[in-house]
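The structure appears below as structure tokens.
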Amino acid sequence: MSSTSNGAAAGPLESILRRDRAVVAAALAALALIAWAYLMWLAASPAMDMPMDGHAMVSAGLGFWSAAHFLLMFLMWLVMMVGMMTPSVAPMILIYARVARHESSRGKPFAPAGWFALGYFLAWTGFAVLATVLQWGLERALLLSPMMASASPIFGGMLLIAAGVYQWTPLKSACLAQCQSPFAFIQRHGGFRGDRPGSVLLGLRHGAYCIGCCWALMLLLFIGGVMNLLWVAAISALILAEKLVPGRLIQRVIGFGFIVAGAALVL
């Protein structure tokens with residue numbers, strides 16, 4: 001009788017968990033689609049299509065941003081990070097949502113997965129601020145074209161070589177390992193957190209590891225163009241492949257390819 005009743009209880013619970021996974025997955029897909037739709041609209045905006053030479057850029061004051069322009073660029077970076085990183089963090093958020101629902105069904109208070117996601121994207125918000133400041137500095141140095149792409153083959157080649165070398169470092173491997181194994185990451189950092197501050201902090205920590213894993217790849221946006229959506233999509237695909245495929249082979253093959261391409265560009 002006991003096993004029968006447990007089986008009967010497990011049926012509705014599993015059905016609820018499947019439904020919740022579908023809802024969370026749909027929400028993440030919608031978030032990514034909205035982010036990419038905004039980027040497509042921004043890329044098609046006339047303000048993003050004004051070719052100038054270096055002297056014209058200085059005359060137009062592009063190296064000296066207004067507060068409104070800085071805010072626009074920060075928003076662009078933030079939305080881009082959401083669009084690029086949502087697919088790769090989706091497995092972790094889905095796991096968190098499953099555990100949260102399971103614990104709640106047992107009468108235990110547990111913070112929804114949205115708090116974990118909030119912490120994760122807060123980390124990338126900080127990265128977006130730094131990327132915006134870096135873009136401002138590169139524009140002042142006339143190293144970027146008006147389309148936010150590298151204006152110097154030597155600068156572009158050095159970025160590629162630096163990103164390729166980073167792919168082979170122990171720090172990159174350590175950060176990637178944290179991102180490739182969601183359950184292992186949770187276990188290494190004290191397990192799932194049921195309280196909201198703890199859940200946000202755990203998401204923030206996971207986001208920090210993802211930044212440690214991906215920051216050099218993100219800087220490659222300055223080579224092909226920050227608003228070149230094909231280039232953005234290609235880098236997003238590389239990040240996703242690194243996280244989904246176990247081991248270090250993809251990481252190191254990508255690194256070797258970047259070093260060779262960077263050397264060719266410089267030479």
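The values are calculated or read from the model by the stated rules, or taken from the named source; none is laboratory data. Note that this is a predicted model, so its numbers are computed, not measured. Neighbour counts are summed over all protein chains in view; Cβ atoms, including those assigned to glycine, are modelled from backbone coordinates with ideal geometry. Just the protein is used for accessible areas: all its heavy atoms, side chains included, with ligands, DNA and RNA removed. Shrake-Rupley method; radii C 1.70, N 1.55, O 1.52, S 1.80 Å.
Looking only at the range 244-253, residues that are in a helix (DSSP H, G or I) and surrounded by fewer than 18 Cβ atoms within 10 Å (Cβ to Cβ) come to 5 in all. The residues on offer are Ala237, Ala241, and the sole one that is in contact with a helix residue (DSSP H, G or I) (Cβ under 9 Å, 6 or more places away or on another chain), modelled with pLDDT under 95 and in a helix (DSSP H, G or I) is Ala241. Looking only at the range 222-232, filter to residues that are over 13 Å from Met85 (Cβ atoms) and in a helix (DSSP H, G or I); which one of those is least open to solvent (accessible area, probe 1.4 Å)? Selected residue: Phe222. In this structure, Gly137 does satisfy being in a helix (DSSP H, G or I) and either touching a strand residue (DSSP E or B) at 6+ places or on another chain (Cβ under 8 Å) or within 20 Å of Leu217 (Cβ to Cβ) (or both). The number of residues in the range 104-133 that are at pLDDT 90 or above, open to solvent by less than 70 Å² (accessible area, probe 1.4 Å) and among the hydrophobic types (A, V, I, L, M, F, W, C) comes to 10.
Assessment of the range 155-167 against the conditions (open to solvent by less than 30 Å² (accessible area, probe 1.4 Å), under 18 Å from Val89 (Cβ atoms), assigned to a helix (DSSP H, G or I) and among the aliphatic types (A, V, I, L, M)) yields no matching residue.
Against the definition (within 29 Å of Ala37 (Cα to Cα), open to solvent by 40 Å² or more (accessible area, probe 1.4 Å), among the hydrophobic types (A, V, I, L, M, F, W, C) and modelled with pLDDT of 95 or more), how does Trp215 come out, yes or no? Judged against the criteria, Trp215 is a match. Annotation: of all residues in the range 63-92 being more than 30 Å from Glu242 (Cα to Cα) and part of a helix (DSSP H, G or I), the one that is most open to solvent (accessible area, probe 1.4 Å) is Leu71.
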